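Take a look at the structure set out below.
Taken together, the values in this text are just the output of simple stated rules run on the coordinates, not laboratory data. What you see is a predicted model, and the numbers here were worked out from it, not measured in a lab. Cβ sites come from the backbone with ideal geometry, for glycine too, and all protein chains shown count toward neighbours.
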């Protein structure tokens, strides 16, 4: 690889002759690690022109570096960093070097220290990855995604690739969501009522920032999506956790002074409970009585392979008080980071302005690639393929649970991609996860999903979105044996 000539410059305060300055500049580049062994240096003519010096000055500097084994010459090919050049030193900053800034005083608001756990980046190396929300490379349609990405890079789509949308979105993606995605959930919306976000989590953050202040109250499910709790606590609003039951969020338990209700009615996170139609109507009535808004997170709408999904809560809303959150990150792949908000135009206007001030818009190429993948039918084919595979894994999981007498606390009524499990009260699933980790088994402890100081420690989640079918039974057996060993 050739080093660009633009990376070479003489410091205005450098000492010595021009030849010495050039020699020192290149040697320091090698010693600092900026110039790697085997990389090609600019020709003497090009470097001399760039630095504004004579070519003979550069040639003499190169000759000295050759003699000191910093460089080697390969005839007409030019000069290269020698394989025998001194390696950059490896060192750690001295422990005595302290920061002069009092960051405890300087930081006005803390965003670290939340309860959201970090998932291991090397999860795919585990033999039994019962981990949630990861893509299975054997199911994903690599070929057609690549073709759609190439199509989105073409001259025809140059504007969508390069334009600054500012606060707008790719019209083709918005049109598909409005005409195809939302009607499947019983929702009707105009383009002005839809906003593309960087995943569902970004949608929840935008919603929190627009709707909640330090004087307002939010009610959320307990247990719930732990990142949502972090978002709400960071907003400094009043937060009231409401314990869910077998039907999800109970409307009567919501405090009367609540301003915004966060819920996952179709597929409660993490218990997988589905809210019955009667309770959905009761929740809408409760919100109407309190003049509260409802944020519906429909994060796993496409994972319905057991039964057809219930209509979205948003589809039953006659007052415009439900804000709908959707995502393609679960059904396609988490690294896509594409979700969307659907709500009244007045709300979307403010969310759009906030998004523009923070990140302007999600990348146009990603939006257009996704629009092609959806509109050309590849997405529906992928969902069908995933549904078949997840249905098979779901059945194998249930058979394995029955064989090993593991207790299922929550399973998806329509499908989904995980089971909410309950271990005996004496088992701490944080300890269970650590013990299983050493044996190549990944599970998710459930404690982080709960609110308060007295959080249950015997729940855990087993997902099957990215574990091969042939390994499920063996992996479940290992979980069962480890629980027995802990007892």
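Computed log10 I(q)/I(0) for segment 386-428 at 0.28, 0.29 Å⁻¹: -1.05, -1.09, from the Debye equation with unit scatterers placed on every C-alpha and solvent omitted. State whether segment 205-277 is rounded, prolate or oblate according to the following rule on the C-alpha gyration tensor (a ≥ b ≥ c being the square roots of its eigenvalues): a/c under 1.5 gives rounded; otherwise a/b larger than b/c gives prolate, and the remaining case gives oblate. It comes out prolate by the Cα gyration axes.
Projecting the alpha carbon convex hull of segment 77-169 along each direction and taking the average yields 16.7 nm².
Measuring nothing but how far apart in sequence close Cα pairs (under 8 Å, 6+ apart) lie, relative to its length, the chain scores a relative contact order of 18 percent. Computed across the chain, the Kirkwood hydrodynamic radius from all distinct Cα-Cα pairs reaches 26.4 Å. A Förster radius of 56 Å combined with the Cβ-Cβ distance from residue 349 to residue 31 puts the calculated FRET efficiency at roughly 0.50. In percent, rounded to a whole number, the relative contact order of segment 1-127 is 24, using alpha-carbon pairs under 8 Å and six or more apart.
Computed over all pairs of different Cα atoms, the Kirkwood value for the hydrodynamic radius of segment 416-487 is 12.6 Å. Neighbour counts of other Cβ atoms within 10 Å put 213, 429, 98 in the fewest-to-most order 98, 213, 429. Translational diffusion of segment 5-81 was estimated from the Stokes-Einstein equation, with Rh taken as the Kirkwood radius over Cα pairs; at 10 °C and 1.306 mPa s the coefficient is 128 µm²/s. Rounded to the nearest 10 degrees, the angle from helix 226-235 to the longest Cα principal axis of the chain is 80 degrees. Which of rounded, prolate, oblate describes segment 235-388, given a ≥ b ≥ c as roots of the alpha-carbon gyration tensor eigenvalues and a/c under 1.5 marking rounded, otherwise prolate only if a/b is larger than b/c? Here segment 235-388 falls in the oblate category. Relative to the longest principal axis of the Cα atoms of the chain, helix 378-404 runs at roughly 70 degrees. Distance between the pseudo-spin-label points of residue 143 and residue 234 (7 Å out from Cα toward the beta carbon): 4.1 nm.
Given Cα positions, please report Rg to Rh for segment 17-62, the hydrodynamic radius being the Kirkwood one. For segment 17-62, the value is 0.96. Calculate, in whole percent, how much of the Cα-Cα pair population of segment 330-480 lies beyond 27 Å. In whole percent, the share of Cα-Cα pairs in segment 330-480 beyond 27 Å is 44. Axis of helix 199-211 versus longest Cα principal axis of the chain: the two differ by about 70°, to the nearest ten degrees.
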